[in-house]
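Accompanying notes for the structure given below.
Here, each number is a calculation from the coordinates, and none is a lab measurement. The structure presented is a predicted model; accordingly, all values stated were derived computationally and were not measured. Here Cβ is always computed from backbone atoms with ideal geometry, including for glycine, and neighbour counts include all displayed protein chains.
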Amino acid sequence: MAGFSKTAILSIPLMIIGFLLSRAPFTMTSLPPSLPWADGPMKLITTPQFLTKKTDIFTSGATHMALLHNSILRGYNSIYQQAPHITDQDKADFVGYCLTWYKFVKSHHDDEEETLFTKVEDLLQDKTVFAETHKEHEAFLAGLADFAKYLNGLKTPAEYSGDELLRVMGTFQEPFESHFHSEISTIARLAEHPNAPKEGTPENAAASATFKSWGKATVTKAGTTDVVPFFLLNLDRTVEGGLWANWPPIPAPIKWGLINLAGAWHSGWWKFTSCDAAGQPKELWALRVAELKKGQTEPELKA
């Protein structure tokens with residue numbers, strides 16, 4: 001009997017792992033995009049490093065910020081494109097997906113304002129470098145709050161309306177897109193600031209460490225089982241000739257675990273992402289379902 005109990009106890013972790021793996025994003029079937037995808041309506045950002053081939057700390061910092069911003073923009077676009085086509089059975093998962101996008105954006109904004117901007121201002125001894133950026137933030141925050149208010153205010157997922165969600169998104173789309181592009185240019189231009197640290201100096205090394213540590217922490221602190229999978233499953237590893245296929249620089253087993261084990265917690269949400277577990281662009285789920293319904297055919301996809 002004691003041997004049986006020991007075996008049963010040892011089998012529990014294996015059962016948990018098996019359960020998580022059965023819900024992991026890598027098990028989801030995906031197809032290459034053939035319908036409208038997550039590259040619009042908001043335009044994605046070309047990274048400064050790809051454009052200029054520069055590698056100074058501010059060009060690199062702006063580039064990494066652009067990659068993060070593009071994940072958020074693909075998230076917005078994936079919501080926008082799929083919002084009118086959500087079936088009743090998918091409404092609860094879609095609301096969860098949308099609220100995770102909101103959580104990602106809000107955490108990102110707060111972390112910039114409270115941490116990154118202050119450190120860069122101190123480094124450059126200039127409190128004005130992000131003056132316009134602060135104004136840009138204010139221009140979309142009210143609409144962003146309305147986005148969360150609408151979704152959190154639903155008594156049940158059945159009340160979800162794609163038309164209403166799109167209406168709310170339309171109230172902040174223009175300033176949001178403008179800011180997410182403008183901020184990249186603002187950071188890249190800091191390389192020309194008179195107080196920008198010179199290559200090879202301790203100040204330059206410290207500034208580089210600031211960008212790296214902030215970038216590493218900003219997503220994980222927002223939520224390991226929701227925001228992190230959202231971020232990674234909206235990262236297109238094929239962009240710019242595959243230059244960023246291994247970004248962010250996380251050891252492959254850890255990245256796999258963040259996507260597939262942490263991601264298993266809310267597995268139903270990730271059917272709506274723009275990319276699959278391997279970082280390849282995939283057809284948007286709700287558009288595929290809508291297209292197949294036209295032919296009275298059940299989706300040949302596994303969610």
Taking just the C-alpha trace of region 95-199, give me its Rg and Dmax in Å. 17.1, 57
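Please compute the length gained on full extension between THR46 and GLU174, using 0.36 nm multiplied by the number of residues separating them and subtracting their Cα-Cα distance. Spell out each step's value before the answer.
Values: separation 128, 0.36 × 128 = 46.08 nm, distance 1.82 nm.
Stretched out fully, the THR46 to GLU174 stretch lengthens by 44.3 nm.
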Can you compute the FRET efficiency between GLU192 and ASP146 using 1/(1 + (r/R0)^6), with r the Cβ-Cβ distance and R0 = 35 Å? Round to the nearest 0.05. 0.40
Extension gain (nm, one decimal) between THR220 and TRP265, 0.36 nm per residue minus Cα-Cα: 14.7 nm
Under unit Cβ charges (Lys, Arg +1; Asp, Glu -1), what dipole magnitude, rounded to 20 debye, does region 122-225 have relative to its Cα centre? 400 debye
Across LYS91/LYS294; LYS198/LYS221; LYS106/LYS216, pairs whose alpha-carbon gap is larger than 28 Å: LYS198/LYS221
Along the dipole axis of region 115-247 (charges at Cβ: +1 for Lys and Arg, -1 for Asp and Glu; origin at the Cα centre), the most positive-end residue among THR128, PHE140, ASN152 is ASN152
What is the dipole size for region 27-294, taken about its Cα centre, with +1 at each Lys and Arg Cβ and -1 at each Asp and Glu Cβ, in debye to the nearest 20? 720 debye
Once you've got the GNM for the chain with C-alpha springs shorter than 10 Å, pick whichever of LEU261, LEU284, LEU31 has the biggest mean-square fluctuation. LEU31
So what are the radius of gyration and Dmax for the Cα set of the chain, in Å? 21.0, 76
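Given a Förster distance of 30 Å, report the FRET efficiency between ALA131 and ILE254 from their Cβ-Cβ distance, rounded to the nearest 0.05. Spell out each step's value before the answer.
Details: r = 38 Å, r/R0 = 1.26.
The calculated FRET efficiency here is 0.20.
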If you build a Gaussian network model of the chain, linking Cα atoms that sit under 10 Å apart, which residue out of SER182, SER34, SER274 swings the most? SER34
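THR55 to GLU114: extension gain in nm, 0.36 nm per residue of separation minus the Cα-Cα distance?
Working: separation 59, 0.36 × 59 = 21.24 nm, distance 2.62 nm.
Extra length available between THR55 and GLU114 comes to 18.6 nm.
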Taking the chain as a Gaussian network, Cα atoms linked when under 10 Å apart, which of HIS193, HIS181, HIS109 shows the biggest mean-square fluctuation? HIS193
Given Cβ point charges of +1 (Lys, Arg) and -1 (Asp, Glu) and nothing else, what value in debye, to the nearest 20, does the dipole of region 162-293 about its Cα centre take? 440 debye
Enter the mean projected area of the convex hull around the alpha-carbon atoms of region 180-303, in nm², rounded to one decimal. 10.5 nm²
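Order of THR273, THR52 from fewest to most other C-beta atoms within 10 Å?
Working: THR273 28, THR52 14.
Least to most surrounded, the residues fall as THR52, THR273.
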Starting from the Cα of LYS293, step 7 Å along the direction of its Cβ; do the same at ALA158; then give the gap between the two resulting points in nm. 1.7 nm
How many nm separate the modelled label positions at GLU203 and LYS103, each set 7 Å beyond the Cα in the direction of the Cβ? 4.0 nm
I'm checking a number: the convex hull volume of the Cα atoms of region 138-232, normalised per residue, in Å³. What is it? 137 Å³
Whole angstrom only: what separates the Cα centroid of region 169-233 from the Cα centroid of region 271-294? 28 Å
Radius ratio Rg over Rh of region 33-89, counting only Cα atoms, Kirkwood formula for Rh: 1.16
